[in-house]
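First the structure, in the form of C-alpha cells, and then the observations on it.
The values are calculated or read from the model by the stated rules, or taken from the named source; none is laboratory data. Only a predicted model underlies this, so the values are computations on that prediction, with no experimental measurement involved. With ideal geometry, Cβ positions are generated from the backbone for all residues, glycine too; neighbour counts draw on all protein chains shown.
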Amino acid sequence: LSSLFAKENLNRMSEQQLNLYDRLINEPSNDWDIYYWATEAKPTPAEFENEVMAMLREFAKNKKREQRLWQPDLEYLFESPR
C-alpha cells in the first residue's frame, strides 16, 4: 500500500508533506500499524493524524477500483517531476 501511495503522490507533495510522510514510515515500529490506520481498522494515534495520513486513508479506499497486486518498479524514483 505505501509503495503504491508513494509512487502516486511523492512527486507532488510539499516539503512539509514529505517530512510528515518520512516520519510516518520511519517512526512507527510496525508497518502493520500504518496499514491498520490507513484502512481504519484501528484509530490513528494523534501524533500521526495529519494531512498525509488523510491522503493515505483516501488512497486505501481505492475508489477507482484499481488492481493493486504488485509493488511498483523503482524507476519512478528516477523520473523527473511532472
Of the residues in the range 50-77 that are more than 13 Å from the chain's Cα centre (by Cα) and surrounded by 13 or more Cβ atoms within 10 Å (Cβ to Cβ), the one that is modelled with the lowest pLDDT is 76
Among helices (runs of 4 or more DSSP H) completely within the range 1-62, the ones holding 2 or more residues that are hydroxyl-bearing (Ser, Thr, Tyr) are 2-9, 31-38
Cβ pairs under 6 Å, 6+ apart or interchain, first in the range 1-26 and more than 21 Å from residue 65 (Cα to Cα), second modelled with pLDDT of 95 or more, ordered by first then second residue, are 17/52; 20/50; 20/52; 21/52; 24/48
Considering the range 9-48, residues that are exposed (fewer than 14 other Cβ atoms within 10 Å of the Cβ) and under 13 Å from residue 59 (Cα atoms), and then whichever is farthest from the chain's Cα centre (by Cα), we arrive at 40
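Being modelled with pLDDT under 90 and polar (S, T, N, Q) narrows it down to one residue among 29, 14; which is it?
29
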